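Let me begin by presenting the structure, written as structure tokens, before commenting on it.
The values are calculated or read from the model by the stated rules, or taken from the named source; none is laboratory data. Remember, it's a predicted structure, so these values are computed and weren't measured experimentally. Ideal geometry is used to build each Cβ from the backbone, glycine not excepted, and the neighbour counts take in all protein chains shown. Remember, those area values only see protein heavy atoms, side chains included, never the ligands or the DNA or RNA. Shrake-Rupley method; radii C 1.70, N 1.55, O 1.52, S 1.80 Å.
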Amino acid sequence: MTSDKDVCGTDPAPARLTVGIVSAGRVGSALGVALERAGHVVFGVSAISDASVRRAATRLPDSRILPAEEVAARSELLILSVPDSELPGLVSGLAAANAVRAGTIVAHTSGASGVGVLAPLTALGALPLAIHPAMTFTGHDEDVARLANACFGVTAADDIGYAIGQSLVIEMGGEPVRVAEENRTLYHAALAHGSNHLVTLIVDAVEALRAALVGPGLLGQQTVDDQPGGLAERMLAPLASAALDNALRRGPAALTGPVARGDVAAVAAHLEALEARNPRLAAGYRALSLRSAERARTNPALIDLLEGR
């Protein structure tokens with residue numbers, strides 16, 4: 001981004017950019033709102049599905065819905081916010097159509113890819129960026145608010161690119177973090193492991209807890225059912241929240257419970273109860289218990305149990 005210094009020689013404000021977005025999904029539309037709030041102009045978006053069209057109309061009502069090639073051709077900053085698997089094909093198609101002008105800043109939001117995937121557009125003179133918000137997006141109003149607390153993994157081809165990427169992220173309210181090109185896959189794997197697998201862990205725990213709470217309850221106690229947000233979730237929420245907070249603050253020292261204590265009998269009983277309920281739950285518990293036991297460097301007999309020896 002470039003702009004003229006003012007007459008006093010002070011640092012200039014970043015230049016306002018004409019922004020195009022392909023496509024108006026959950027991530028792209030949220031970034032569009034954040035960029036507009038920073039003073040940039042989102043003139044157009046690509047939206048194909050009915051959900052994307054509605055999202056564009058709601059979040060970016062002043063933006064036109066246009067074909068991807070037209071969005072690309074008119075952009076000073078082009079945001080490519082498509083699923084990881086679709087990004088290479090989109091880039092190749094835009095390059096084949098010669099749709100991107102030299103000097104255009106092209107930023108994709110894929111966590112798994114760096115700037116290498118943008119090589120066909122870089123060859124046309126585009127400035128490539130990978131700007132990945134390390135946040136989950138639901139398509140609701142909280143998405144934009146969460147950007148203010150999110151870190152963004154930024155990868156660029158050179159120092160100029162890093163400076164531009166850093167500036168854009170700061171303008172959107174996020175915290176820019178440099179991720180080397182060769183580390184993008186490891187970066188993405190770590191985030192997926194810590195977020196996606198956490199959902200599976202919690203859902204599995206809720207399933208087991210619901211089964212443990214069935215039957216007559218106390219006077220006035222909520223009936224246990226399979227609807228989200230019920231008694232099992234309320235019981236687990238404070239414990240899970242505290243465990244997450246402790247892990248982020250204290251690392252492996254936050255481990256507690258029978259695995260950390262090396263209690264072979266308790267863990268064996270857990271496995272038996274879970275196996276009777278759902279063998280897949282038991283398999284997940286066994287795998288995570290083994291990893292926890294390794295982290296805690298606990299009773300070797302417990303590790304033998306978990307490894308099936």
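A few notes on this one:
- Residue list for the range 83-110, restricted to those being part of a loop (DSSP other than H, G, I, E, B) and at pLDDT 95 or above: Ala97, Asn98, Ala99, Val100, Arg101, Ala102, Gly103, Thr104, Thr109, Ser110
- Checking Ile164, Ile170 one by one, the residue that is of a type in the set (Val, Ile, Thr), open to solvent by 80 Å² or more (accessible area, probe 1.4 Å) and not assigned by the TED database to the domain that holds Ala240 is Ile170 and no other.
- Filter pass, Thr155 being assigned by the TED database to the domain that holds Val33, hydroxyl-bearing (Ser, Thr, Tyr) and buried (at least 18 other Cβ atoms within 10 Å of the Cβ): yes
- Among (1) charged (D, E, K, R); (2) modelled with pLDDT under 95; (3) over 16 Å from Val144 (Cα atoms), the one test that Arg74 misses: (2)
- Scanning the range 253-271 for residues that are of a type outside the set (A, V, I, L, M) and within 18 Å of Leu201 (Cα to Cα) yields Thr256, Gly257, Pro258, His270.
- Exactly one residue out of Ser241, Ser292, Ser195 is more than 23 Å from the chain's Cα centre (by Cα), closer than 30 Å to Gly111 by Cβ and among the polar types (S, T, N, Q), and it is Ser292.
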